[in-house]
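Remarks on the structure that follows.
The values are calculated or read from the model by the stated rules, or taken from the named source; none is laboratory data. In this text the structure is predicted, and so the values were computed from the model without any measurement. Cβ: placed from backbone, ideal geometry, glycine included. Neighbour counts: every protein chain shown. What goes into the accessible areas is simple: the full protein's heavy atoms, side chains included, and nothing from ligands, DNA or RNA. Shrake-Rupley method; radii C 1.70, N 1.55, O 1.52, S 1.80 Å.
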Amino acid sequence: MNINELKEFIENLDTDEVDSVSVKLVQKIGENYEVYQPSVHQRVREDLKNLYAEIFETRLFELPQEEYNPNVGQDGYLSVANLEVAHVETTIEEINSEENIHGDLGDLDLETINFYCIKFRHNDESLYIFRRFSKMRKIRRGFLGVLEDSTLRKLENDLFIGLDSDIDILVFQNEMLIINRFALQTIFNLQDYFTERATYALGQIQQGNVISNFDEFSEDCLNDRQASQRITKIINTPGRIEGFLQTAESLPNVIARANLDIELNENGQIVYTRNREVRSQILFCIADAYYLSLLLGRIGEDITQ
């Protein structure tokens with residue numbers, strides 16, 4: 001993601017335009033979303049613009065970026081992904097849909113809100129900031145007051161909304177910048193994405209006829225979150241499954257050199273024993289994650305694959 005263009009976008013934002021800044025409070029109901037969208041006062045629009053303009057100048061946004069890896073993220077890097085990951089593109093369409101925007105803010109119950117989205121819009125271009133929602137705690141005893149015209153008045157409305165400086169996910173120019181990886185699941189539908197991609201990948205693997213009891217292997221992979229994540233990384237790496245199927249005859253050598261627990265039948269097919277460790281070893285083979293080090297000739301495995 002181009003951070004300089006991000007900064008330029010927010011600096012050029014005209015907050016006098018009513019639709020330049022919108023705030024969406026979202027309740028996630030399964031795969032569906034119910035959205036509450038209050039009007040945003042011009043002063044608040046300006047404050048939000050200035051807040052994020054300052055945030056984008058912090059050291060966080062100077063960090064190097066890497067392509068999102070569902071298996072692991074490097075410390076000191078920000079992950080970038082396309083909007084197919086976790087069905088983010090679909091979520092944005094859903095929360096922008098008039099059908100999902102609740103017309104009566106009087107029905108708003110902050111206890112049910114899962115996240116909020118701040119949308120900045122300028123010259124037909126949009127920036128989305130997603131953040132998990134935490135309701136501000138009420139005072140146990142007593143009340144909140146405000147000074148108005150030199151008079152202390154009780155604040156009757158208890159719908160307090162805190163918009164903080166933290167960002168979980170940022171979407172700009174058809175890219176997603178992932179600040180908080182955990183938010184991909186809590187805000188979006190990440191596991192559904194893993195399941196869909198893993199199902200597609202397993203279909204390709206099945207065609208190679210390299211696993212004798214494939215149905216059991218497929219079932220266990222789809223019921224194992226870590227396995228479905230690893231298969232998603234495999235299918236998102238061009239040529240990885242095709243390369244495995246084309247060189248499957250090398251499996252006996254890999255199994256022997258890496259001292260794996262994988263069993264082969266007389267036809268050279270993998271016999272899956274429904275063991276989690278064996279399942280991981282099979283996926284590491286498909287991912288071509290076993291390597292021979294140049295210096296010591298050591299066999300290892302690359303957990304990022």
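Given N residues in the stretch 192-301, what is Rg(Cα) / (2.2 N^0.38 Å)?
Numbers: Rg = 13.4 Å, N = 110, 2.2 N^0.38 = 13.1 Å.
So the stretch 192-301 has a normalised radius of gyration of 1.02.
What 222 nm value per residue comes from the helices of the chain, counting each DSSP H run with n ≥ 4 as -39,500 (n - 2.57) and dividing by all residues, nearest 500 deg cm²/dmol? Working shown, then result.
Values: 10 runs with 100 residues, N = 305.
Dividing the helical sum by the residues of the chain leaves -9500 deg cm²/dmol.
Would you check the accessible area of residue 122, probe 1.4 Å, heavy atoms only, in square angstrom rounded to 10?
Approximately 40 Å² of residue 122 is accessible to the 1.4 Å probe.
Output the relative contact order of the stretch 192-301, whole-number percent, from Cα pairs under 8 angstrom with separation of 6+ residues.
Numbers: 115 pairs, mean separation 31.0, N = 110.
About 28 percent, as a whole number.
Across the stretch 49-66, in residue order, what do the Karplus-derived ³J(HN,Hα) couplings come to in whole Hz, using 6.51 cos²θ - 1.76 cosθ + 1.60 with θ = phi - 60° and x for Gly and Pro?
Each residue's phi maps through the Karplus curve to give 4, 5, 4, 6, 4, 5, 4, 5, 8, 7, 5, 3, 8, 9, 5, x, 10, 9 Hz.
May I ask you to work out the translational diffusion coefficient for the stretch 3-188 at 25 °C, viscosity 0.890 mPa s, via Stokes-Einstein with Rh from the Kirkwood sum over Cα pairs, reported in whole µm²/s? Mind dumping the intermediate values first?
Working: Rh = 17.9 Å.
Rounded, D is 137 µm²/s.
Hey, what do the phi angles of the stretch 226-239 turn into as Karplus ³J(HN,Hα) couplings, whole Hz, using 6.51/-1.76/1.60 and θ = phi - 60°, x for Gly and Pro?
5, 5, 5, 5, 5, 5, 4, 4, 5, 5, 7, 9, x, x
Note down the net charge around residue 165, summing +1 for each Lys or Arg and -1 for each Asp or Glu among other residues with Cβ under 15 Å from its Cβ. Mind dumping the intermediate values first?
Values: positive: 49, 59, 131, 132; negative: 47, 54, 57, 164, 166, 168.
Around residue 165, the charge tally is -2.
What's the lysine pair count for the chain at a Cα cut-off below 26 Å, pairs eight or more apart or interchain?
Going through the chain pair by pair, I get 15.
Below 8 Å between Cα atoms, with a sequence gap of 6+, how large is the relative contact order for the chain in percent? It would help to have the intermediate numbers written out before the result.
Numbers: 432 pairs, mean separation 49.7, N = 305.
Computed value for the chain: 16 percent relative contact order.
Between beta-carbons, use under 13 Å as the cut-off and find the net charge around residue 206, counting Lys and Arg +1, Asp and Glu -1. Show your work: numbers first, answer last.
Working: positive: none; negative: 215, 216, 219.
Net charge around residue 206: -3.
Could you derive backbone 3J(HN,Hα) for the stretch 161-171 from the dihedral phi with the Karplus parameters 6.51, -1.76 and 1.60 (θ = phi - 60°), listing whole Hz in sequence and x where the residue is Gly or Pro?
10, x, 9, 8, 8, 6, 10, 8, 9, 10, 10
About its Cα centre, how strong a charge dipole does the chain have in debye, to the nearest 20, once Lys and Arg get +1 and Asp and Glu get -1 at the Cβ? All intermediate terms of the calculation are to be shown ahead of the outcome.
Numbers: 29 positive and 53 negative charges, 245 e Å.
The calculated dipole for the chain is roughly 1180 debye.
In whole Å, what is the distance between the alpha-carbon centres of the stretch 71-98 and the stretch 235-294?
Computed from Cα coordinates, the inter-centre distance equals 31 Å.
Rolling a 1.4 Å sphere over the protein heavy atoms, what is the accessible area per residue of the chain, to the nearest Å²?
Numbers: 17180 Å² over 305 residues.
Averaged over the residues of the chain, the accessible area is 56 Å².
Let me check I've understood the local charge: for residue 3, count other residues with C-beta under 12 angstrom from its C-beta, Lys and Arg +1, Asp and Glu -1. What total comes out? Please report the intermediate quantities before stating the final value.
Values: positive: 7, 59; negative: 5, 8, 57, 62, 175.
Local net charge: -3.
Can you find, among 287, 236, 41, the residue farthest towards the positive end of the dipole of the chain? Put +1 on the C-beta of Lys and Arg, -1 on that of Asp and Glu.
Of the listed residues, the answer is 287.
Over the stretch 1-130, what percent of the accessible surface lies on carbon and sulfur atoms, probe 1.4 Å?
Carbon and sulfur atoms account for 39 percent of the accessible area of the stretch 1-130.
Pull up the DSSP beta bridges for the stretch 3-188 and report the antiparallel fraction as a percent, rounded to 5. Working shown, then result.
Working: 34 of 39 bridges.
Antiparallel: roughly 85 percent of the beta bridges in the stretch 3-188.
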